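> Let me begin by handing over the structure; questions about it come next.
The values are calculated or read from the model by the stated rules, or taken from the named source; none is laboratory data. Everything quoted here is computed from the prediction, not taken from an experiment. Ideal geometry is used to build each Cβ from the backbone, glycine not excepted, and the neighbour counts take in all protein chains shown.
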Amino acid sequence: MSSSVLIFDGDCSFCTSTANYFTKSTAGRVRAEAWQLTDLTKYGLTSEQTIKRVYLIGESKQYEANWAFAKLLTLQTNVFYKLLGYLLFIPPISWLAIPGYYLVARYRHLLPGGTPACKL
């Protein structure tokens, strides 16, 4: 049974591929939901928030943007991804992760699998 939900941009092929890839490797602990197909009020979110960043909603905590991705990595079965996720929470690496997340988000339409629909 899933204990966390990853809310992502379902119109973006890059985001969809990334969400599907990483949720498959969590041994069922995370399920992915496109914000366009989700009742966001159930999670206390608005479409304005979810247009701008990804969210990982856990049983006791909510993560957004780079923190959501870092937490998602810590839930992986792959030890390398798990370690990388924990490192992304530690300064000064976490300081670099913030602009890194927004850089990827801004140019996701240019990344593999990206389409014009991915452009913010």
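> Just name the residue that is farthest from the chain's Cα centre (by Cα) out of those in the stretch 88-110 that are of a type in the set (A, V, I, L, M, F, W, C) and surrounded by 14 or more Cβ atoms within 10 Å (Cβ to Cβ).
So, considering only residues that are of a type in the set (A, V, I, L, M, F, W, C) and surrounded by 14 or more Cβ atoms within 10 Å (Cβ to Cβ), the one farthest from the chain's Cα centre (by Cα) is Ile93.
Okay, residues lined up against (1) among the charged types (D, E, K, R); (2) in contact with a strand residue (DSSP E or B) (Cβ under 6 Å, 6 or more places away or on another chain):
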site: Ile7; (1), (2): no, yes
site: Cys15; (1), (2): no, yes
site: Thr23; (1), (2): no, yes
site: Glu33; (1), (2): yes, yes
site: Ser47; (1), (2): no, no
site: Tyr55; (1), (2): no, yes
site: Glu64; (1), (2): yes, yes
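> For Asp39, are the conditions met, namely being in contact (Cβ under 8 Å) with a residue 12 or more places away in the chain and surrounded by fewer than 17 Cβ atoms within 10 Å (Cβ to Cβ)?
Values: in contact (Cβ under 8 Å) with a residue 12 or more places away in the chain: no; surrounded by fewer than 17 Cβ atoms within 10 Å (Cβ to Cβ): yes.
For Asp39, the condition - in contact (Cβ under 8 Å) with a residue 12 or more places away in the chain and surrounded by fewer than 17 Cβ atoms within 10 Å (Cβ to Cβ) - is not met.
> Taking Ile7 and the conditions (1) surrounded by fewer than 12 Cβ atoms within 10 Å (Cβ to Cβ); (2) not in a helix (DSSP H, G or I), which numbered condition does it fall short on, given that it satisfies the others?
Among (1) surrounded by fewer than 12 Cβ atoms within 10 Å (Cβ to Cβ); (2) not in a helix (DSSP H, G or I), Ile7 violates only (1).
> If the requirement is being at pLDDT 95 or above and over 12 Å from Leu6 (Cβ atoms), which of these qualifies: Leu87, Leu110, Leu73, Leu120? Outline the logic, then answer.
Numbers: Leu110 fails: at pLDDT 95 or above; Leu73 fails: over 12 Å from Leu6 (Cβ atoms); Leu120 fails: at pLDDT 95 or above.
Just one listed residue meets the conditions, Leu87.
> A follow-up question, please. Is at least one residue of the stretch 46-58 surrounded by fewer than 17 Cβ atoms within 10 Å (Cβ to Cβ), in contact with a Ser or Thr (Cβ under 6 Å, 6 or more places away or on another chain) and either of a type in the set (Val, Ile, Thr) or not in a loop (DSSP other than H, G, I, E, B) (or both)?
There is no residue in the stretch 46-58 that is surrounded by fewer than 17 Cβ atoms within 10 Å (Cβ to Cβ), in contact with a Ser or Thr (Cβ under 6 Å, 6 or more places away or on another chain) and either of a type in the set (Val, Ile, Thr) or not in a loop (DSSP other than H, G, I, E, B) (or both).
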